[in-house]
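Written below as structure tokens is the structure these notes are about.
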Amino acid sequence: MWRTRIGAVDVLRVEEMLGPGFDPAFLFPEYDPAVLEEHPALAAPEFFDRASGKLMSSMQSWLLRIGDAVLLIDTCCGNDKPRTNAAFRRFHMLNLPYLDRLAACGVQPEQVTHVLNTHLHVDHVGWNTRLLDGRWVPSFPRARYLIGRAELAHWRDPDGGPRLHPEGIPVIADSVDPVIEARRADLIDDKDVILPGVSVHAVPGHTAGQLAVRVESEGAVALFTADVFHQPMQIVRPGWNSRFCEVPAAAIATRRRVLAEAADSGAVLFPSHTGYPHAGRVARDGAGFRFVPLPLAA
Ligand SMILES: [Zn+2]
């Protein structure tokens with residue numbers, strides 16, 4: 001089992017999928033394959049699948065035990081969800097043992113006290129709900145679901161998310177609206193403290209309302225960075241946005257800021273989609289940065 005600690009906080013990883021994802025030239029419009037020659041560590045099988053030419057992509061929730069609280073950060077893609085958009089093919093009508101893997105971490109769905117969606121993209125909200133008797137119901141019936149107020153407003157504005165990204169409309173309908181209708185949702189804002197030592201911080205760009213989660217415990221600091229970067233190659237190329245970044249200039253500015261702050265603070269970064277070991281620190285490398293994967297106990 002994947003497990004680490006940030007001070008007194010236990011951090012576990014609940015995997016939904018791990019495997020070759022997008023072709024880098026598709027995911028990153030600025031992609032230049034020279035990056036793999038300049039930084040051979042990025043061509044390691046953990047990050048790049050040579051056979052398919054695709055980037056290794058992880059879909060996971062981060063599970064945090066903080067005192068009596070059980071916090072699930074992001075909820076992957078979910079089962080039984082029709083995702084007919086071509087870019088969402090990997091997420092279409094899944095049948096994966098995500099809840100069994102949660103149980104293997106010692107947590108039943110009713111024991112989750114908080115669910116936090118860093119943003120409302122297809123691969124971050126899916127297990128918010130599950131199909132029961134033909135209806136979408138909250139997967140975590142006793143949890144408060146924490147959703148960014150600005151992010152939700154973007155999807156409530158007909159000229160916002162629905163017009164710019166119509167493929168997200170069914171995602172909101174089956175994975176976000178049901179938890180709001182069930183009165184399980186609380187809206188959160190930049191700098192809110194959601195649990196002792198746990199706060200959320202605006203990291204705009206990938207989406208305008210994206211939030212990162214900062215955890216501080218016993219002098220250790222972690223930042224759950226959502227999709228500030230998808231792949232470690234964006235640490236050496238912070239100017240590369242994914243094609244899914246909604247506000248490109250802000251995404252680059254946020255990425256540079258988060259990387260600089262992490263290099264200075266020594267915070268452990270927990271991104272959403274990076275290959276094994278799925279987390280790490282950032283060090284300065286000349287004028288730029290490099291990725292320092294988190295050492296995990298065997
Ligand atoms: Zn994502």
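The values are calculated or read from the model by the stated rules, or taken from the named source; none is laboratory data. Just so we're clear, the structure is a prediction, and the values are computed from it rather than from any experiment. Here Cβ is always computed from backbone atoms with ideal geometry, including for glycine, and neighbour counts include all displayed protein chains.
Observations
Residues checked against (1) farther than 24 Å from residue 1 by Cβ; (2) surrounded by 14 or more Cβ atoms within 10 Å (Cβ to Cβ):
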site	(1), (2)
95	no, no
99	no, yes
105	no, yes
115	no, yes
125	yes, yes
135	yes, no
145	yes, yes
150	yes, yes
154	yes, yes
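- The numbered conditions (1) over 28 Å from residue 9 (Cβ atoms); (2) at pLDDT 95 or above are all true for residue 165 except (2).
- Close pairs (7 angstrom Cβ cut-off, 6 or more residues apart or separate chains): in a loop (DSSP other than H, G, I, E, B) in region 31-56, loosely packed, with under 15 Cβ neighbours inside 10 Å and not aromatic (Phe, Trp, Tyr) anywhere: 31/25; 53/23
- Single residue of region 262-282 satisfying the filter (small (Gly, Ala, Ser) and surrounded by 15 or more Cβ atoms within 10 Å (Cβ to Cβ)) that is nearest to the ligand (Cβ to nearest atom): 272
- Checking residue 295 against (1) touching a residue at least 24 places away in the same chain (Cβ under 8 Å); (2) part of a loop (DSSP other than H, G, I, E, B); (3) not basic (Lys, Arg), the condition it does not meet: (1)
- Restricting attention to region 174-191 and to residues that are within 20 Å of the chain's Cα centre (by Cα) and of a type in the set (A, V, I, L, M), the residue that is surrounded by the fewest Cβ atoms within 10 Å (Cβ to Cβ) turns out to be 187.
- Boolean, residue 13 is closer than 30 Å to residue 196 by Cα, in a strand (DSSP E or B) and over 14 Å from the mean Cα position of the chain (by Cα): no
- Checked against (1) in contact with a Ser or Thr (Cβ under 7 Å, 6 or more places away or on another chain); (2) under 24 Å from residue 280 (Cβ atoms), residue 70 meets all criteria but (2).
- Within region 77-119, the set of residues being out of contact with any Gly (no Cβ under 7 Å at 6 or more places or on another chain) and under 22 Å from residue 223 (Cα atoms) comprises 102, 105, 112, 113, 114, 115, 116, 117, 118.
- Filter result for residue 275 (within 25 Å of residue 140 (Cβ to Cβ), modelled with pLDDT of 95 or more and out of contact with any helix residue (DSSP H, G or I) (no Cβ under 6 Å at 6 or more places or on another chain)): no
- Flag for residue 213 being crowded, with 16+ Cβ neighbours inside 10 Å, in contact with a Leu (Cβ under 8 Å, 6 or more places away or on another chain) and not hydroxyl-bearing (Ser, Thr, Tyr): yes
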